[in-house]
Amino acid sequence: MSQGPGSVTDPILARLQALRAKGPRRSPLANWMHRHRQAFARLLREGGADWESFGVVFVEEGLLPRPEHFDAPGPEGRKARRRVAETARKAWARTEREQPAPEALPAPERRASRPAPLAEPPVSLTVDPGGPAQDRLARLKRQTLDRSGRKA
């Protein structure tokens, strides 16, 4: 029995594919962000992100569910609106992580063809073998070996 090019013969994969067909992989907000990635990235670049205000719009437009106390005044309402804002911010971060908007990518830096000459010769960073830095290093090494119970 021959199978078509898109058919699944494994029963587990068939069940997973059926589940996937029941609904979108992403939330309505994430789907919107993916569809409008470039325009939304430009809006953020030009005016910054006011996630609490954006969250109100996303809830009003049905892209995010309206949590309990969302419209309440006082600390309960602020807390609910902050949770929505954080959800929206994280959805955007996931969208950008998956595939940043082309306009949001920084332009590659241009490098000079050869480095500019130094004004003065570099200072030698060698340590005098009999100097105080070597004495401190030797003392530190002895202390470490003593504490670990090993011999030099």
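Below, the figures for the structure above:
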read-out: Residue pairs meeting the criteria (Cβ under 6 Å; at least 6 apart or on separate chains; first without any contact (Cβ under 8 Å) to a residue 24 or more places away in the chain, in the stretch 133-152; second surrounded by 10 or more Cβ atoms within 10 Å (Cβ to Cβ)); value: Ala133/Val127; Ala152/Leu145
read-out: Residue among Glu52, Glu98, Glu86 that is charged (D, E, K, R) and at pLDDT 95 or above; value: Glu86
read-out: Hits in the stretch 35-79 (condition: of a type outside the set (A, V, I, L, M, F, W, C) and assigned to a loop (DSSP other than H, G, I, E, B)); value: His36, Gly48, Asp50, Glu61, Gly62, Pro65, Arg66, Pro67, Glu68, His69, Asp71, Pro73
read-out: Pick from the stretch 1-34, criterion of a type in the set (Gly, Ala, Ser) and outside any helix (DSSP H, G or I), ranking: modelled with the highest pLDDT; value: Ser27
read-out: Filter pass, Gly77 being surrounded by 13 or more Cβ atoms within 10 Å (Cβ to Cβ), out of contact with any helix residue (DSSP H, G or I) (no Cβ under 6 Å at 6 or more places or on another chain), without any contact (Cβ under 8 Å) to a residue 40 or more places away in the chain and small (Gly, Ala, Ser); value: yes
read-out: Test result for Phe40, in contact with a Ser or Thr (Cβ under 9 Å, 6 or more places away or on another chain), modelled with pLDDT of 90 or more and surrounded by 11 or more Cβ atoms within 10 Å (Cβ to Cβ); value: yes
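The values are calculated or read from the model by the stated rules, or taken from the named source; none is laboratory data. Computed from a predicted structure; not experimentally measured. Because the Cβ atoms are built from the backbone with ideal geometry, glycine has one as well, and the counts that use them run over all protein chains shown.
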